[in-house]
Amino acid sequence: MVQALLMAFLALLNGMQWPVSWWLFREPVMAGFWVGLIYGNPVQGVMIGATINASYLGWISAGGANASDLYWAGLLGAFVAIKGGMNIEQSVAFAVPIGLLGNYVHVTYMTLASFWPTKMDKLAENGNWRAIRKIQFFGGPAIVLVLRALPVFLIALLGSEYIQIMINLLPLWAMRGLSAVGKILPALGMSMLFKFMYKKELLPFFAIGFAIAAYTGMKDLMMYAIISVCIAFVLIKLGFTDVKEES
């Protein structure tokens with residue numbers, strides 16, 4: 001019961017529209033950490049969340065329109081993986097359909113939340129600023145509580161014992177297929193990000209990084225991040241970012 005309540009509270013924070021929730025709770029790597037902490041395995045939660053995050057690196061939300069709900073993918077994807085004893089690749093493959101399901105929740109939230117601005121316009125005409133502030137503070141969270149926190153609470157409370165049973169019923173070929181798809185999805189996320197970031201001047205750096213990883217077997221991403229920051233700092237200091245004005 002306590003873990004289910006904590007999951008519901010996490011889902012509430014996950015769905016809140018304020019910057020702190022974006023940074024600390026919504027991204028899959030952070031959602032995975034909190035889910036892992038609730039169920040006693042934060043390291044595994046971070047690993048699962050980070051891999052799910054990699055699958056969505058090229059994900060954007062233009063005007064509030066989502067192809068998939070990144071936040072439920074991270075939250076419930078990590079939950080299902082930890083409770084079901086999945087490996088990281090399988091958890092990513094499960095997170096994608098969960099994200100698609102969560103997108104319907106997001107659309108419902110946006111539809112219901114659109115009622116509040118109309119209500120606040122009427123209150124503003126009457127000068128009822130106190131009621132407007134109440135709606136601002138409690139209107140959105142009330143919808144999040146019903147659409148996100150309550151379903152997650154019920155899933156965590158009633159569904160956790162059935163998750164392992166469901167996983168055990170899957171045939172071996174299905175689990176192998178999920179593992180294969182889970183390995184492809186992070187690469188897909190990387191390629192989407194590369195498409196947005198692509199510049200011919202940066203292509204040699206991508207090639208160097210890929211060659212080092214492929215031929216040396218070194219896969220420590222933190223090492224590559226530190227080296228990349230150092231190279232970028234040196235190039236900036238040497239003036240490689242200066243643009244020459246045409247005469």
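The values are calculated or read from the model by the stated rules, or taken from the named source; none is laboratory data. This one's a predicted model, so the numbers in the text were calculated from it and none came from an experiment. Neighbour counts are summed over all protein chains in view; Cβ atoms, including those assigned to glycine, are modelled from backbone coordinates with ideal geometry.
Values computed for the structure shown
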| quantity | calculated |
| --- | --- |
| Count of the range 207-247 residues which are among the aromatic types (Phe, Trp, Tyr) and at pLDDT 80 or above | 2 |
| Hits in the range 31-45 - residues which are surrounded by fewer than 20 Cβ atoms within 10 Å (Cβ to Cβ) and small (Gly, Ala, Ser) | GLY40 |
| Scan of the range 222-237 for residues that are within 21 Å of ALA54 (Cβ to Cβ), surrounded by 11 or more Cβ atoms within 10 Å (Cβ to Cβ) and not small (Gly, Ala, Ser), ordered by number | MET223, TYR224, ILE226, ILE227 |
| Subset tally (residues that are of a type outside the set (A, V, I, L, M, F, W, C) and surrounded by fewer than 19 Cβ atoms within 10 Å (Cβ to Cβ)) for the range 76-108 | 6 |
| Helices (runs of 4 or more DSSP H) wholly inside the range 1-70 that include at least 3 residues being of a type in the set (Lys, Arg) and at pLDDT 85 or above | none |
